[in-house]
Amino acid sequence: MRALIKHHAGEGLRFESDRPEPEVGPNDVLIRIRKAGICGTDRHIWEWDDWAAGRIPVGIVTGHEFVGVVERVGSAVTRVIPGQRVSAEGHITAGKDFNSRTGNAHIARDTKIIGVDRDGCFADLMAIPEENVWPLHESIPDKYAAVMDPLGNAVHTVMSAGVSASSVLISGVGIIGLMAVTVAKAAGASRIYCTDVNPPRLALAKKLGAVEAFDAREGNGWIEQIRDETRGEGVDVLLEMSGASPALESGFEALRNGGRAALLGLLAKSPTFDFNKNVIFKGCTVLGINGRRMFETWYQMEELLLSGRLELDQIVTHEFPIEDYEKAFATMISGEGIKVLMNVNE
Ligand code: ZN
């Protein structure tokens, strides 16, 4: 089969056309991939930074966001059938640790991620346990089904913080931040503010429903403006999506006392952060967000997609055949594209 392989400990991926098909165990489902999304994680793997070098086994098939069709199922599979159109939760847990057994499998200790720890979806075929497979509602188009992994990060963050009838600040409007704008709006946020350092994305955040989108390079005057517009208090909710330490600090400054902060953005290094002022005296609730709840987030995503209230068309900007993977990655890495898809079997 065709596949994009992390073939050496260095930059880039290699396209191979003679990779053996994956083995299908009794509990596995073999999926023929239709479309796959390029994620920030795939960029780290492409660029081979310190994180990738310490985590990724050389030789694996990369990729973890996809939509496809079930080709074949293992002998013990009961729920999924060949021909079904599916996506899947890419975090595979052994189901043995405390969190897996108490309804929090998304933070299990024994998690393996497709395209990171084991073979992923940048290939004609991928095998994954039946437990992880998400059969798709017929009215959800492939283009959206292919991005349910990052959309799930946005939904999990927004739903964990609780945004209904609340003012919200989203710091960082990359792919997931932009998704969080449309999700928060659909979930009933009263007013959405955004910050970033990328003017076109700030403009898009406004189109998707933000009342104000501030360029963080132009100083911190926006914090005063937010306070002025929120009874002098600050926003009810902070959704931190940038992983930039100045954004973390200013985000907490714009959060009202007793507010809720949900943190998804990964910080490149530990921030210098005033915990006394920002957390303890503020009396706020701070939530670390990882992955998607299994499978509550997936049901919520399906409901939101079926509601017709999510605007994803302007977020999924480009599609390339998988053979043009170099162009696809360049479009994503340069920032010209937001969410870039590769068409595998169309
Ligand atoms: Zn991803």
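Pull up the cross-link candidates among the lysines for Lys143, meaning alpha carbon to alpha carbon under 17 Å and not fewer than 8 places away within one chain. Of all the lysines, those that pass the test against Lys143 - Cα under 17 Å, at least 8 places apart if same chain - are Lys35, Lys339.
Which residue, Lys207, Lys282, Lys269, tops the fluctuation ranking in a GNM of the chain built on C-alpha contacts under 10 Å? Among Lys207, Lys282, Lys269, the largest GNM mean-square fluctuation belongs to Lys269. Once you've got the GNM for the chain with C-alpha springs shorter than 10 Å, pick whichever of Leu169, Leu125, Leu304 has the biggest mean-square fluctuation. Most flexible of the set in this elastic network: Leu304. With θ taken as phi - 60° and the Karplus curve 6.51 cos²θ - 1.76 cosθ + 1.60 applied, the whole-hertz 3J(HN,Hα) list for region 69-83 is 10, 5, 8, 7, 10, x, 5, 9, 7, 10, 9, 9, 10, x, x Hz, x standing for glycine and proline. Along the charge dipole of region 1-53, Cβ charges K/R +1 and D/E -1, which of Ile33, Ala52, Gly10 sits furthest on the positive end? Checking the options against the dipole of region 1-53, the answer is Ile33.
A DSSP coil position with no more than 11 other Cβ atoms inside 10 Å describes the following chymotrypsin sites (Phe, Trp or Tyr not before Pro) in region 249-346: Phe281. Here the contact order of region 146-271, divided by its residue count and restricted to Cα pairs under 8 Å and six or more residues apart, works out to 26 percent.
Along the axis of the charge dipole computed for region 154-288 (Cβ charges of +1 for Lys and Arg, -1 for Asp and Glu, origin at the Cα centre), the listed residues Ala247, Leu264, Ala213 are led at the positive end by Leu264. Within the listed set Ala36, Ala186, Ala205, the residue fluctuating most in the Gaussian network model of the chain (springs between alpha-carbon atoms under 10 angstrom) is Ala186. From the alpha carbon centroid of region 101-122 to that of region 24-75 is 11 Å. Placing +1 on the Cβ of every Lys and Arg and -1 on the Cβ of every Asp and Glu, with nothing else charged, gives the chain a dipole about its Cα centre of roughly 680 debye.
Using only alpha-carbon positions in region 154-288, the gyration tensor eigenvalues give semi-axes of 19, 16, 15 Å once each is multiplied by 5 and square-rooted (largest first). Going from the fewest other Cβ atoms within 10 Å to the most, the residues Arg85, Arg14 appear in the order Arg14, Arg85. Taking other C-beta atoms within 10 Å as the exposure proxy, Leu238, Leu267 rank Leu267, Leu238 from fewest upward. Annotation: lysines with alpha-carbon distance below 26 angstrom to Lys277 (same-chain offsets under eight excluded): Lys269. Calculated on the alpha-carbon coordinates, the convex hull of the chain measures out at 131 cubic angstrom per residue.
Since every read-out is calculated from the coordinates, none of them should be taken as a lab result. If you're wondering where the values come from, they're calculated on a predicted model, not measured in any experiment. No Cβ is skipped: glycine too gets one built from the backbone with ideal geometry, and neighbour counts run over all protein chains shown.
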